[in-house]
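As structure tokens, the structure follows; a few thoughts come after it.
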Amino acid sequence: MLERAAFFGVTSNLVLYLNSFNFNWQGEQASRATLLFLGASYLLAPVGGWLADVYLGRFLTISLSLVIYLAASGLLLITITDDGRRTFCGEMAELPLEPSCPSADCPGSWSSPYCATTLYLVLLLLALAASSVRSNLTSFGADQVMDLGRDATRRFFNWFYWSINLGAVLSLLVVAFIEQNISFLWGYSIIVGLVGLAFFIFLFATPVFITKPPTGSQVSSMLKIAFQNCCPRRSSRESEGARLLPGQRSYQWGPSSQEDMANFQVLVKLLPVMVTLVPYWMVYFQMQSTYVLQGLHLHIPNIFRTNPNSSLALRSEKSNYRIPEAWLLLANVVVVLILVPVKDHLIDPLLLRCKLLPSALQKMALGMFFGFTSIIVAGVLEKERLEYIAANQTVPQLIGQDLYYAAPLPIWWQIPQYLLIGISEIFASIPGLEFAYSEAPRSMQGAIMGIFFCLSGVGSLLGSGLVALLSLPGGWMYCPKDFGNINNCQMDLYFFLLAGIQAVTAVLFLWIARRYERTRQDPASQSSSSRLRG
């Protein structure tokens, strides 16, 4: 809970932070950096999983990752201060005086944003630590209840995810408000404190944990078998090992070649299922990037103001607090917090008694449908917002110390898309975790969980790459020198493109899932997989 609170404290307002007067990143640059950070925080998950499997074990890897987490969040805190920025980034170059651009297709002068190298390195270090904690803490927690049976494992993932979202509520209600309306310095200081407290509690609880030593990595064996299947001609040493008589044994450490082959066959069956989830992650991570950017350009009401007639001349007045745009994420989080206990205590037991409990794959398909509807709703809202902009109906509003020109539509219109993405999490992300952990052989659970999170990061990075591609001159997201205002972009078309990609891959997922379920029902396959998992 504490680690996720820190993570959401960074991601929820990262677009606003990079877009602020301290850095002056353009809107698409800030969104792209957020998607890259989110992607890296998942894409690097196999690194932490491999380190735990081969050298340190999950407990020591989590402890080391929390130390790196603490150091990286401290470096991010330093960049907020003027002295810290000058030390790591130098002075910000002033805007040169240039003649006005006669057309909308003029190239921007600021291709490389201020302090980009330092910030990307800090975010990469933070993503490495967060990904390692995520991949190992999930499996480490499941190890504590593995001996209690499959139902205990399913319930663990429900409540593990519930704890993550409880941390998100803490972060969004407190940290996001402080970052937007008071100071990023105070907000990021709280983040450092949260990571430090998480590290202390984790070490304090060491005596009650069930810890397992590292058992080795299956990665090299999997690569070897994959290469063998592609290139049948192998060395004489391998051929000699294959010709061993039934009574002879090849003395080697680790799993046998038969076990390696069985594990490889399981991996071949699991990978297509997880790969077709990638477009869902492309949609899911819009919640913390382009959805945020869209919300900054809708009318955000003040929580309270001392002088209702205050003008923009008084925009530095700290008593006028606006509702943080990141609070819209609460719609997503609250859905998860409410529906997970209801699902765990009421819906799932009822469906189980009636023998109607859907499989993890069926739930994941339903989650894709809700993700599709969320991005469609976001696209319709953005299309409506741009119609107000085209009619020159804008509302100047100050968020922090930055001025945005928003459409007069209230930000509450974003709630449906956040609710729908929250429902999709319950049906896609939680069953996806359960599927990756329970379907993997015991010796490959760490690797499979790492691959699952890695592919989640691939989805975020593909979303970032698509934004970068569409930000080229002539693209839908090309808004030269907008410095955060996206009113000259066509982000609605970007949302509809994502919806189309999700719809096509959802059909492909249904076909792959049906084949996987048919294979699992085969008696020979069932006995083989039960031996691997047991």
Options L126, L60; residue that is surrounded by fewer than 19 Cβ atoms within 10 Å (Cβ to Cβ), modelled with pLDDT of 85 or more and within 25 Å of the chain's Cα centre (by Cα): L60
Restricting to region 44-57, what's the tally of residues that are open to solvent by less than 30 Å² (accessible area, probe 1.4 Å) and closer than 20 Å to V278 by Cβ? 2
Out of curiosity, is I426 open to solvent by less than 10 Å² (accessible area, probe 1.4 Å), in contact with a Leu (Cβ under 9 Å, 6 or more places away or on another chain) and aliphatic (A, V, I, L, M)? yes
Enumeration of residues in region 381-429 that are more than 15 Å from V292 (Cα to Cα), part of a helix (DSSP H, G or I) and among the hydroxyl-bearing types (S, T, Y): Y388, S424, S429
Name every residue in region 478-526 that is farther than 15 Å from E439 by Cβ, of a type in the set (G, A, S) and either touching a Lys or Arg at 6+ places or on another chain (Cβ under 8 Å) or modelled with pLDDT under 90 (or both), in order of residue number. G484, A524
Select from region 294-321 the residues that are farther than 21 Å from Q502 by Cα, open to solvent by less than 30 Å² (accessible area, probe 1.4 Å) and modelled with pLDDT of 60 or more and list them in ascending order. G295, L296, H297, L298, I300
Being of a type in the set (S, T, N, Q), in contact (Cβ under 8 Å) with a residue 40 or more places away in the chain, over 29 Å from V342 (Cα atoms) and open to solvent by 60 Å² or more (accessible area, probe 1.4 Å) narrows it down to one residue among T206, T211; which is it? T211
Which residues, counting only those in region 463-474, are open to solvent by less than 60 Å² (accessible area, probe 1.4 Å), under 25 Å from Y404 (Cα atoms), modelled with pLDDT under 85 and out of contact with any Cys (no Cβ under 9 Å at 6 or more places or on another chain)? G463, S464, V467, A468
Residues of region 140-155 that turn out to be open to solvent by less than 40 Å² (accessible area, probe 1.4 Å) and either at pLDDT 80 or above or not in a helix (DSSP H, G or I) (or both), as a count: 7
Of everything in region 156-176, what is surrounded by 19 or more Cβ atoms within 10 Å (Cβ to Cβ) and hydroxyl-bearing (S, T, Y)? Give them in sequence order. Y161, S171
Quick one: which of L493, L472, L508 is farther than 30 Å from S359 by Cβ and under 24 Å from the mean Cα position of the chain (by Cα)? L493
Qualifying positions in region 174-190 - in a helix (DSSP H, G or I) and either without any contact (Cβ under 8 Å) to a residue 60 or more places away in the chain or out of contact with any helix residue (DSSP H, G or I) (no Cβ under 7 Å at 6 or more places or on another chain) (or both): V174, F177, I178, N181, L185, W186
Given the residues L403, L386, which is the only one that is farther than 30 Å from L277 by Cα, open to solvent by 50 Å² or more (accessible area, probe 1.4 Å) and in contact (Cβ under 8 Å) with a residue 40 or more places away in the chain? L403
Being β-branched (V, I, T), in a helix (DSSP H, G or I) and open to solvent by less than 60 Å² (accessible area, probe 1.4 Å) narrows it down to one residue among I347, I338, I375; which is it? I375
Looking only at region 3-29, count how many residues are among the aromatic types (F, W, Y) and open to solvent by 20 Å² or more (accessible area, probe 1.4 Å). 2
T117: passes all of (1) hydroxyl-bearing (S, T, Y); (2) surrounded by fewer than 19 Cβ atoms within 10 Å (Cβ to Cβ); (3) in contact (Cβ under 8 Å) with a residue 60 or more places away in the chain but (3)
Please indicate, with yes or no, whether at least one residue in region 34-43 is buried (at least 24 other Cβ atoms within 10 Å of the Cβ) and more than 30 Å from M92 (Cα to Cα). yes
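The values are calculated or read from the model by the stated rules, or taken from the named source; none is laboratory data. Please read these numbers as outputs of a predicted model, since none were measured by experiment. Cβ sites come from the backbone with ideal geometry, for glycine too, and all protein chains shown count toward neighbours. To get the accessible areas, we keep the full protein, side chains included, count just its heavy atoms, and leave off ligands, DNA and RNA. Shrake-Rupley method; radii C 1.70, N 1.55, O 1.52, S 1.80 Å.
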